[in-house]
Every structure is written in structure tokens, then in C-alpha cells.
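Shown next, in C-alpha cells, is the structure this report addresses.
The values are calculated or read from the model by the stated rules, or taken from the named source; none is laboratory data. Since this is a predicted model, take the numbers as computed values, not measurements. In this analysis, Cβ positions are derived from the backbone assuming ideal geometry, glycine residues included, and neighbour counts consider all displayed protein chains.
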Amino acid sequence: MEFVSWHAGADYLFLGVSWRTGAPCLDLVDVATGSPYQFPLFRKRLSFKRGTPGKFCIGRFSIVAETSTEQVPCPAQRLAERGGQCEACAAQDEFKLIHHVHSGGNATPALTRYVAQPHWVYIATFADATCKVGTAAEMRKKSRLDEQGPIMASYVAHVADGKVARYIEDSVTRNLEVSQFKRGAAKVAALTSDFDCRVIEEQHVKIVERARELVEDWARRGSGISPLTEPWSRPQEMGAFLGPRQAGGWTPYPHDLQTEQHGLLVDACAGQGLLARTGESMTDDDVHYAVDLGKLKGLRVVAGDYSSPEASVQSALF
């Protein structure tokens with residue numbers, strides 16, 4: 001995707017937030033041309049109003065050069081049906097089969113080759129101290145976790161084949177009762193609490209140690225599995241989320257992103273969440289809001305010089 005400035009009057013479709021470039025970006029489609037673009041988020045001003053009503057197809061993922069993927073916009077810009085896609089894009093989306101390929105599910109030749117590349121197994125721990133186990137292909141080692149938005153994360157295995165990585169993932173879920181899924185909205189909501197990083201670290205270390213024991217058992221039974229405990233490097237763009245917080249935690253953004261108009265100055269990014277102010281400059285507004293951009297996925301917005309409605313917000317007192 002090409003990078004784009006936030007052009008006033010342009011109509012964009014939100015596909016989501018990605019970190020594939022090493023930094024948080026909005027993945028967008030220019031409604032007029034159908035062209036995909038990216039808009040860098042960190043330290044930028046994001047201002048828009050709701051565009052054409054309806055939820056639109058976010059397109060599909062395509063496998064590129066056997067080891068990576070790219071998002072392909074819906075060529076017809078149809079309304080979304082089940083799963084945020086139109087029927088045509090869903091039928092062509094070979095990547096959606098990946099979660100079942102290790103258990104005998106259908107797979108295209110391209111997906112089979114993609115899964116056959118080396119993978120990493122990770123444990124991610126979020127602001128509410130809940131943990132998630134997951135896998136990441138070699139080329140997505142860091143960006144996959146950046147997009148999750150955890151407070152802490154560690155890789156517990158490097159595996160020569162993605163199918164084996166998913167067997168290990170299932171084993172962690174089965175034996176340690178660690179989920180493979182956490183809703184994006186729950187990740188952002190957890191960031192609004194007055195979370196304790198010491199509690200998060202204690203929980204993370206406990207689960208990582210137990211997960212590594214399982215990986216070591218797998219390694220004794222098969223080749224191509226390397227047990228390890230390698231910390232994920234938290235992106236600098238998350239920094240302000242972990243800095244001095246308002247009493248009671250960050251304030252949830254009080255306005256509906258799917259209506260009204262909004263103007264946000266972005267101070268931090270964590271997965272699909274933002275820490276933002278609504279003033280016209282970086283010093284006008286001392287109230288920081290946690291904003292869940294996942295609520296915009298599949299919606300059209302119009303860029304422009306817009307401001308958020310005024311809100312009466314009183315930070316919690318000690």
C-alpha cells in the first residue's frame with residue numbers, strides 16, 4: 001500500500017489498523033478510486049466524520065510469494081455480509097482456512113506452502129492480566145504481536161513448520177486453559193483500567209514458564225522445535241499508555257465513532273487502540289482518551305477539519 005496524507009473531503013473505507021511497516025497505520029481504501037492506502041497514526045491528527053451509511057466489505061487476504069500476505073480491497077466495494085466480507089471476497093479468501101489446516105481442514109496449495117514456513121509460538125498478556133497464546137509466521141514475528149497490543153509478550157518456541165506450531169498452540173490451550181482469542185474491544189477496554197504492571201508481569205512469567213515446559217516436552221518427541229523464552233520488544237509508540245496515568249486509568253472516549261465528527265491528536269498506539277487528545281494542538285487538552293479504532297472497521301469516513309464534540313469529563317479521584 002502507498003502512504004497517503006489525510007486529504008480534506010476524501011472519502012475513505014477503514015480496513016483496520018496494521019503494524020506491518022513497523023509502525024501503526026490505518027489501512028484505507030480511497031472510495032473514489034478503489035486504491036488502497038495507509039495513513040501513519042503516531043503523533044498525527046486524525047479528523048473525520050461518518051461517510052456513506054452501511055458496513056462495507058473489507059476485502060480479503062491473499063498469499064504473496066508463499067511467505068507473506070496482503071490485503072486486497074473488494075473490487076466492487078459491496079456491502080458486507082457475514083464476517084465483514086461480501087460473499088465473493090469470502091469465497092476467494094484462502095487465508096481464512098489457516099486456523100484449521102493443521103487439523104485436516106481444506107487448504108489451497110498456496111496456503112499449504114505458507115503454513116510450511118517456520119513459525120513462532122507466543123504468549124501475550126494484556127492490561128487485564130489475561131493471557132493469549134498464538135502463532136506468527138517468520139515474516140510476521142514482531143508485527144503480529146504489535147497488532148495484538150499486549151502489555152507484555154514472549155516467544156516460547158520457534159518451529160520449523162506452522163502445522164506443528166498450531167499443535168503446540170492447541171496444547172497450551174488445552175493444558176493451561178489459555179485462550180487463542182481475545183476480542184479487540186476487550187484489549188482496548190482493559191487499557192482504560194488503572195492496571196498494575198507488576199501484576200501483569202507476575203501472571204505473564206507464570207504462564208510463559210508453564211508453556212515452555214510443554215514446548216520442551218514437544219521438542220523431546222520431535223525435531224524442528226526450539227524451546228525458548230525470548231521477550232517481545234514493545235514498540236515505542238505504546239510508551240504513553242504505560243506512563244503516568246490519570247487517577248483511575250485512561251478515560252474511555254465518550255463519543256460514538258460511528259456517528260458524529262471527531263478530531264483526535266494521537267499520543268500513543270497499542271494494537272488498534274489509541275491514546276488521544278481532542279484539543280486543536282498538542283498542549284490544549286490534558287484529558288487523554290482511550291479510543292478503539294476497531295469500531296470503524298468496514299465503515300466509510302470523510303476526512304476534513306473536524307473536531308470532537310465537547311465532553312464533560314471528570315477524572316476519577318484518589
Scope segment 199-224; condition modelled with pLDDT of 95 or more, loosely packed, with under 15 Cβ neighbours inside 10 Å and not acidic (Asp, Glu); matching residues: Val199, Lys206
Would you confirm whether any residue within segment 105-117 is within 16 Å of Ser179 (Cβ to Cβ) and aliphatic (A, V, I, L, M)? no
Quick one: is Asp286 more than 23 Å from the chain's Cα centre (by Cα), without any contact (Cβ under 8 Å) to a residue 24 or more places away in the chain and not in a helix (DSSP H, G or I)? yes
When (1) among the β-branched types (Val, Ile, Thr); (2) more than 28 Å from His255 (Cβ to Cβ); (3) surrounded by 16 or more Cβ atoms within 10 Å (Cβ to Cβ) are applied to Val64, the one that fails is (3)
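Matching residues to (1) over 28 Å from Leu275 (Cα atoms); (2) touching a helix residue (DSSP H, G or I) at 6+ places or on another chain (Cβ under 8 Å):
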residue: Gly149; (1), (2): no, yes
residue: Ile168; (1), (2): yes, yes
residue: Gln180; (1), (2): no, yes
residue: Arg183; (1), (2): no, no
residue: Ala186; (1), (2): no, no
residue: Ala190; (1), (2): no, no
Residue list for segment 230-244, restricted to those being among the charged types (D, E, K, R) and within 16 Å of Phe126 (Cβ to Cβ): Arg234
Quick check on segment 188-205. Is at least one of its residues among the small types (Gly, Ala, Ser) and assigned to a helix (DSSP H, G or I)? yes
Specify which of the listed residues (Thr135, Thr108) is buried (at least 17 other Cβ atoms within 10 Å of the Cβ), over 30 Å from Thr259 (Cβ atoms), touching an Asp or Glu at 6+ places or on another chain (Cβ under 6 Å) and polar (S, T, N, Q). Thr135
Identify, please: which residue in segment 45-103 is over 21 Å from Gly34 (Cβ atoms) and among the hydroxyl-bearing types (Ser, Thr, Tyr) and is, among those, farthest from the chain's Cα centre (by Cα)? Ser103
Taking the condition of being under 16 Å from Pro252 (Cα atoms) and modelled with pLDDT under 75, how many residues in segment 280-316 meet it? 7
Would you pick out the residues in segment 236-283 that are in contact (Cβ under 8 Å) with a residue 24 or more places away in the chain and assigned to a helix (DSSP H, G or I)? Glu237, Met238, Gly239, Ala240, Phe241, Leu242
Mind checking which residues of segment 8-33 are over 17 Å from Leu274 (Cβ atoms), touching an Asp or Glu at 6+ places or on another chain (Cβ under 9 Å) and assigned to a loop (DSSP other than H, G, I, E, B)? Ala8, Ala10, Arg20, Gly22, Val31, Ala32
Breaking point among (1) touching a Pro at 6+ places or on another chain (Cβ under 6 Å); (2) more than 27 Å from Ala303 (Cβ to Cβ), for Ser226: (1)
Which pairs turn up if I take residues in segment 109-120 that are touching a residue at least 12 places away in the same chain (Cβ under 8 Å) and among the polar types (S, T, N, Q) and look for partners that are surrounded by 15 or more Cβ atoms within 10 Å (Cβ to Cβ) and not in a helix (DSSP H, G or I) with beta carbon separation below 7 Å, at least 6 apart in sequence or on another chain? Gln117/Thr67; Gln117/Ala137
Report, by residue number, each residue of segment 12-34 that is under 13 Å from the mean Cα position of the chain (by Cα), buried (at least 23 other Cβ atoms within 10 Å of the Cβ) and under 19 Å from Pro53 (Cα atoms). Leu15
Name the pairs whose Cβ atoms lie under 8 Å apart, with the first residue in segment 195-209 and among the hydrophobic types (A, V, I, L, M, F, W, C), the second assigned to a helix (DSSP H, G or I), and 6 or more positions between them or separate chains? Cys197/Leu242; Ile207/Leu176
Hits in segment 40-59 (condition: under 21 Å from Asp256 (Cβ atoms) and in a strand (DSSP E or B)): Arg45, Leu46, Ser47, Phe48, Lys49, Arg50, Phe56
